Amino acid sequence: MCKQPLYGVMNNLSKNKLHEDIIIKYWDNMLRVAGSLKLGTINPTNLIKMLQRGGRPTMLGRAIGEFGRIFKTTYELSLMLLEMQVIQ
């Protein structure tokens with residue numbers, strides 16, 4: 001991952017940084033979860049319960065959340081860039 005994103009004036013908008021170390025550590029488990037969901041060997045409701053203990057996410061749950069933030073951020077940045085292009 002790039003430590004210095006190249007989004008011009010939007011670089012300073014983000015307050016949080018991606019914890020890629022968590023994603024890397026739990027990557028194999030994340031792939032197993034995805035495979036289990038695809039094959040139908042695990043119920044999505046049970047998976048959600050498994051990814052939380054006492055209302056707090058497990059480390060695997062945190063890793064999946066971090067991974068999701070990549071796509072959320074990319075989507076939000078592309079919308080902002082599109083809006084900026086429309087305004088100009």
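The values are calculated or read from the model by the stated rules, or taken from the named source; none is laboratory data. Note that the coordinates shown come from a computational prediction; the quantities given were computed from them, not determined experimentally. Here the Cβ positions follow ideal geometry from the backbone for every residue, glycine too, while neighbour counts run over all protein chains shown.
Some observations on this one:
- Residue selected from the stretch 1-58 under the condition hydroxyl-bearing (Ser, Thr, Tyr) and loosely packed, with under 12 Cβ neighbours inside 10 Å, by the criterion modelled with the lowest pLDDT: Thr45
- Of all residues in the stretch 60-73, none satisfies being in contact with a strand residue (DSSP E or B) (Cβ under 9 Å, 6 or more places away or on another chain), outside any helix (DSSP H, G or I) and either within 19 Å of Trp27 (Cβ to Cβ) or in contact (Cβ under 8 Å) with a residue 24 or more places away in the chain (or both).
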